[in-house]
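K.L.:
The structure's right below; bear with me while I get my questions together.
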Amino acid sequence: MKNCNWSPACVHVLVGMALTLLSPLIHAERLHGRVVAVADGDTLNLLAEGRQYTIRIAGIDAPERHQAWNEQSKLNLSRLSLNQTAIADCPRIDPHRTMICKLTVKAVDMGLEQVKDGMAWWAKDLAIDLSPEDQSACQSAQLMAQLMRRGLWRETKPIPPWAFRKQGRLFPDKSYPGF
């Protein structure tokens, strides 16, 4: 490539390399697989096409480790999805190589269910990958969960995960610089 001089062949190679590097970031992907592990209330592993993918459920934010309701949120998502066939519609990959996806099991939206059950917050900032209809459904589900005092809404003032992270509470035994 040292003597490329922008010839058509050189440009073709460079464009091909760029597309190869950027392709996971610029196209949506649909995966059909089985949920094989649940990390927390909004992250799980999907086995699809003989490969394991880390999936972050789009539009929601579940309690963090060391935060109230973390374990209940994880158990709820496990109950809903673990060892089940799932479809993941993944419009993007985050900087940590985690696929951001709308996940459905038996035609049920797992993010919406987590919000309905009071096990996660609808997160407007994380909902950019959801359709306006899905965003509206999550927002309404959260309002209903709050009114019915479901899950984490039983708390007087539950701390959203983004505020918990900002306070540096992820690692209570160590000083933590935050995100």
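Bear in mind these aren't lab numbers, they're just calculated from the coordinates by the rules spelled out. Every value quoted in this text rests on a predicted model; they were computed, and no experiment measured them. Reconstructed Cβ throughout: ideal geometry from the backbone, glycine too, with neighbour counts over all protein chains shown.
K.L.:
What ³J(HN,Hα) values, in whole Hz, does the Karplus curve 6.51 cos²θ - 1.76 cosθ + 1.60 give for segment 76-84 when θ = phi - 60°, with x put for Gly and Pro?
P.N.:
Once θ is set to phi - 60°, the couplings for segment 76-84 become 5, 5, 4, 4, 6, 10, 4, 6, 9 Hz.
K.L.:
With labels modelled as points extended 7 Å from the Cα through the Cβ direction, what inter-label distance (nm, one decimal) is found for Gln167 paired with Thr54?
P.N.:
2.5
K.L.:
In addition: Note the full-extension length gain between Lys106 and Arg65 as 0.36 nm times their separation in residues minus their Cα-Cα distance, in nm to one decimal. Display every interim value, and only then the final one.
P.N.:
Working: separation 41, 0.36 × 41 = 14.76 nm, distance 2.82 nm.
Stretched out fully, the Lys106 to Arg65 stretch lengthens by 11.9 nm.
K.L.:
Can you find, among Ser78, Leu44, Gln139, the residue farthest towards the positive end of the dipole of segment 27-165? Put +1 on the C-beta of Lys and Arg, -1 on that of Asp and Glu.
P.N.:
Ser78
K.L.:
Once you sort the root eigenvalues of the Cα gyration tensor of segment 27-165 as a ≥ b ≥ c, which label holds: rounded (a/c under 1.5), prolate (a/b larger than b/c) or oblate (the other case)? Walk me through the numbers before you get to the answer.
P.N.:
Details: a/c = 1.66, a/b = 1.50, b/c = 1.11.
Taking the square roots of the gyration eigenvalues as a ≥ b ≥ c, segment 27-165 is prolate.
K.L.:
Here is a further query. What distance in nm lies between label points placed 7 Å from Cα along the C-beta direction at Arg97 and Met144?
P.N.:
Between Arg97 and Met144, the simple spin-label model gives 3.9 nm.
K.L.:
Any idea what the dipole of segment 27-165 comes to, in debye rounded to 20, about its Cα centre with Lys/Arg Cβ at +1 and Asp/Glu Cβ at -1?
P.N.:
Values: 18 positive and 17 negative charges, 59 e Å.
It comes to approximately 280 debye.
K.L.:
Arg34 versus Glu133, label points 7 Å from Cα toward the beta carbon: distance in nm?
P.N.:
3.1
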